[in-house]
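Data first, discussion second: the structure below is written as structure tokens.
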Amino acid sequence: MHDLTGRIALVTGAASGIGRAIAEAYAQAGARVVVADIAADKASEAATAIGHGAMAVTMDVTDETQVEEGFARVEHELGAVDILVSNAGVQVISPLVDLPFADWKRMLAIHMDGAFLTSRAAMRQMIASTRGGSIILMGSAHSHVASKFKAPYVAAKHGLLGLARVIAKEGAKDNIRSNVICPGFVRTPLVEKQIPEQARELGISEDDVIRQVMLRDTVDGEFTTLTDIADTAVFLAGFESNALTGQSLVVTHGWHIQ
Ligand code: NAD
């Protein structure tokens, strides 16, 4: 189940953090990895460091043309995509009443438009290849729970559950599965940036943001790790039957127990 030899795996937002860890794990499992990211230089560096024939593609997931051209290049150079991880994401911390409309739209574009555009492109290749495949959307504990100051993030992450469920239903006849991974807090640049931002909004210390906000409801006071999420992504990519589709896997050290 953990052997991905011969598969083509495209991971968005793979120049950093969780996406990069998943790309590394897929390469270790034998897949040809595509590091797709808006940050061109970092994507190239990551692909070189990952090795195993990894390819970098510059792609802003909110741009239909860039997504279409990126997927076409992958199909031309490597073949049809077998695994998509729609992972690119950002965070904005603001009370809803102060949130500029532009920030709301940018957040929904990256998380929701990006998931739609990349899933559509991947599904088209998976159907044409007749091999089907695995589409993994990067949700969050915030696909299931809400927190203050994260209105567009929570809304978008909840929305990904619906998108994955539709892909599961429409994709089944072509052997396409779709699931959502819902991590707890993982110490990536996205999280490091929001610790001082949350401390400011809440009027508490950075240490209290970690202990009282981020890890308070976990079973062990631990951050979720890159390895926790990469292992889950390898498992889902290698799980070949439609028995496991349309689901969300909550990987949060017990922060949210379904
Ligand atoms: P990160 O900041 O380390 O990496 C995000 C990557 O996405 C960066 O390389 C960035 O260049 C890329 N990106 C941003 N906008 C893009 C765009 N428009 N097109 C293409 N690439 C773009 O963040 P991370 O923590 O690794 O987060 C990855 C995903 O995991 C996000 O969807 C995030 O919401 C989710 N997530 C993170 C955590 C956490 O605690 N870190 C928890 C739950 C969910």
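Scanning the stretch 36-58 for residues that are over 17 Å from the mean Cα position of the chain (by Cα) and among the hydroxyl-bearing types (Ser, Thr, Tyr) yields Ser44, Thr48. If the condition is being without any contact (Cβ under 8 Å) to a residue 40 or more places away in the chain and within 14 Å of the ligand (Cβ to nearest atom), then the stretch 37-54 contributes Ala39, Ala40, Asp41, Lys42, Ala43, Ser44, Glu45, Ala46, Ala47, Ala49, Ile50. Taken over the stretch 23-36, the criterion of being in contact with a Gly (Cβ under 9 Å, 6 or more places away or on another chain) and more than 11 Å from the ligand (Cβ to nearest atom) is satisfied by Ala27, Ala29, Gly30, Ala31, Arg32, Val33, Val34. Residues that are of a type outside the set (A, V, I, L, M) and more than 12 Å from the ligand (Cβ to nearest atom) do not occur anywhere in the stretch 8-22.
Apart from one condition, Ile204 fits all of (1) more than 14 Å from the ligand (Cβ to nearest atom); (2) of a type in the set (Val, Ile, Thr); (3) open to solvent by less than 20 Å² (accessible area, probe 1.4 Å); (4) not in a helix (DSSP H, G or I); the exception is (3). The single residue among Ile210, Ile176 that is over 27 Å from Gly132 (Cβ atoms), aliphatic (A, V, I, L, M) and more than 11 Å from the ligand (Cβ to nearest atom) turns out to be Ile210. Pick from Lys173, Lys150, Lys193, Lys169: which is modelled with pLDDT of 95 or more and either under 23 Å from Trp104 (Cα atoms) or crowded, with 17+ Cβ neighbours inside 10 Å (or both)? Only one candidate qualifies: Lys150. A count restricted to the stretch 55-83 and to residues that are outside any helix (DSSP H, G or I) and within 13 Å of the ligand (Cβ to nearest atom) stands at 8. Return a yes/no flag: does the stretch 29-39 have any residue that is open to solvent by 10 Å² or more (accessible area, probe 1.4 Å), among the hydrophobic types (A, V, I, L, M, F, W, C) and not in a loop (DSSP other than H, G, I, E, B). Checked the stretch 29-39: no residue is open to solvent by 10 Å² or more (accessible area, probe 1.4 Å), among the hydrophobic types (A, V, I, L, M, F, W, C) and not in a loop (DSSP other than H, G, I, E, B).
The values are calculated or read from the model by the stated rules, or taken from the named source; none is laboratory data. Since the structure is predicted, the reported quantities are computational estimates derived from the model, not experimental observations. Note that each Cβ is placed from the backbone with ideal geometry, even for glycine, and that neighbours are counted across all protein chains shown. With ligands, DNA and RNA removed, areas are computed over all heavy atoms of the protein, side chains included. Shrake-Rupley method; radii C 1.70, N 1.55, O 1.52, S 1.80 Å.
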